[in-house]
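Worksheet: one structure, shown below.
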Amino acid sequence: ADFDAKKKRKVAKIYQALNSDPIDVAALRRMAISEGGLLTDEIRCKVWPKLLSVNTDDLPPLPAGKELREDSKDYQQVLLDVRRSLRRFPPGMPDDQREGLQEELIDIILHVLKRNPQLHYYQGYHDIVVTFLLVVGNRLATALVEKLSTHHLRDFMDPTMDNTKHILNYLMPIIDQVNPELHDFMQSAEVGTIFALSWLITWFGHVLSDFRHVVRLYDFFLACHPLMPIYFAAVIVLHRKQEVLDCECDMASVHHLLSQIPQDLPYESLISKAGVLFVQFPPSKLAKEAAQAERTAASTFKDFELASVQQKPDTVLRQRFRERLRGEERLPGEERTKSILTKPRTNRFVKLAVMGLTVALGAAALAVVKSALEWAPKFELEIFP
């Protein structure tokens, strides 16, 4: 009964935020993140568009299937992936209903790709689209997925995997911040991060069998920074630290263990842990710490500028490293030794910062990068009191 009362209060708060003028999007973000997320699909249909600032009064007409299919270079691959997606539909759904939804799924994907020729289809994309289709129906799903594809998922839709790899590279540094022992064990096992690839690029839709858990995570990710899924991945690994440490320290064993994701994860506590970690170690904060450690005046924004023109992080690092060496030559002997002794940690911070900056919004325009920068600190204050 207590739970029901809490749920009722939350529903009332969500509607209050939806009905206020202007709509209280910050409150909706908090609701999407806090315990239980957005509670029902009916509410998601109203709130998800607000989280993605999609205007539901002005939805584009539905795509026309036949021409789309004839024109699309991706049609065959999409068709294969969608045919294989049986387990993403509710068990017990009648075949003809499911087949109808699969046709809609193909059309949504081809429509978004046709309207955005800069986006490249990847295997796993359909796992995200089907989640939206099942929750909000095809017309709204088309609009939401298009917005998501040009923002949160943009890095996965580049012609190469470079940006996706960058985001995966972020996993180990987060783990290192929380549990260096686990980090070092995984480094020794040389397990890499490929076990988390399908988690990341499908927002866990592909690996979790219970649809309720999937939509709960989507509430969370839609309300957060585009990098949140990698923080959530790190939290899952940290949650399983004992199992990992009990493993043989070799790539095959650790990879096998981690790629089998347990279905009974304590989602609510992991979501709040991921949120806390993001606040403790946000890309922007790491950049600031790196800049201080560097004793250079390089502002966060300058790093963002470098990152947004897609300069490779190692170029930035080499440049920073040279600047620092020049700075050290001017130090007296004792200072220089001390500076060299403390180097590894600061260097790792720089690496992490530059990596974080490069992946924060990938190839998005500088304007977008700037706005994300502006809302990151405010976001922390509002969402995690």
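What follows is calculated from the coordinates using simple rules that are stated; it is not laboratory data. On a predicted model such as this, the values are computed, not experimentally measured, just so you know. Cβ: placed from backbone, ideal geometry, glycine included. Neighbour counts: every protein chain shown.
So for each of 127-134, 29-36 I average, over its residues, the number of other beta carbons within 10 Å; can you give me the resulting order with the highest mean first?
Put in order of decreasing packing, that is 127-134, 29-36.
Could you tell me what fraction of 2.2 N^0.38 Å the Cα radius of gyration of the stretch 1-150 comes to, as a two-decimal ratio?
Taking the Cα Rg and dividing by 2.2 N^0.38 Å, one obtains 1.17.
Give me the net charge of ALA5's neighbourhood, meaning all other residues with Cβ under 14 Å from the Cβ of ALA5; Lys, Arg count +1, Asp, Glu -1.
So the environment of ALA5 carries a net charge of +3.
Given C-alpha coordinates of the stretch 98-245, what is the ratio Rg to Rh with the Kirkwood estimate of Rh?
Taking Rh as the inverse mean 1/r over Cα pairs, Rg/Rh reads 1.01.
Between LYS165 and SER272, what is the spin-label point distance in nm, taking each point 7 Å from the Cα along the Cα→C-beta axis?
Each label point is offset 7 Å from its Cα along the Cβ direction, giving 3.9 nm.
Could you order the peptides 66-74, 10-18 from most to least packed, using the average number of other C-beta atoms within 10 Å per residue? The partial results should precede the final answer.
On the way: 66-74: 12.7, 10-18: 15.8.
Going from most to least packed, we get 10-18, 66-74.
Kindly write out, for the stretch 226-234 in residue order, the coupling ³J(HN,Hα) from the Karplus curve 6.51 cos²θ - 1.76 cosθ + 1.60 (θ = phi - 60°), rounded to whole Hz, with x marking Gly and Pro.
Calculated HN-Hα couplings, in order: x, 8, 4, x, 6, 5, 5, 4, 4 Hz.
Considering only DSSP states other than H, G, I, E and B, which trypsin sites (Lys or Arg not before Pro) in the stretch 78-150 qualify as loop sites with at most 11 other Cβ atoms within 10 Å? Working shown, then result.
Numbers: sites: ARG83, ARG84, ARG87, ARG88, ARG98, LYS114, ARG115, ARG139, LYS147; in loops: ARG84.
Within the stretch 78-150, the qualifying trypsin sites (Lys or Arg not before Pro) (loop, at most 11 other Cβ atoms within 10 Å) are ARG84.
On full extension of the chain, what length is gained from LEU62 through THR40, given 0.36 nm per residue of separation minus the C-alpha to C-alpha distance?
The LEU62-THR40 span can extend by a further 5.4 nm.
Once label points are set 7 Å from the Cα along Cα→Cβ at both GLN97 and HIS256, what is their separation, rounded to one decimal in nm?
Modelled inter-label distance: 4.0 nm.
For the stretch 161-291, what is Rg from Cα atoms divided by 2.2 N^0.38 Å, rounded to two decimals?
1.01
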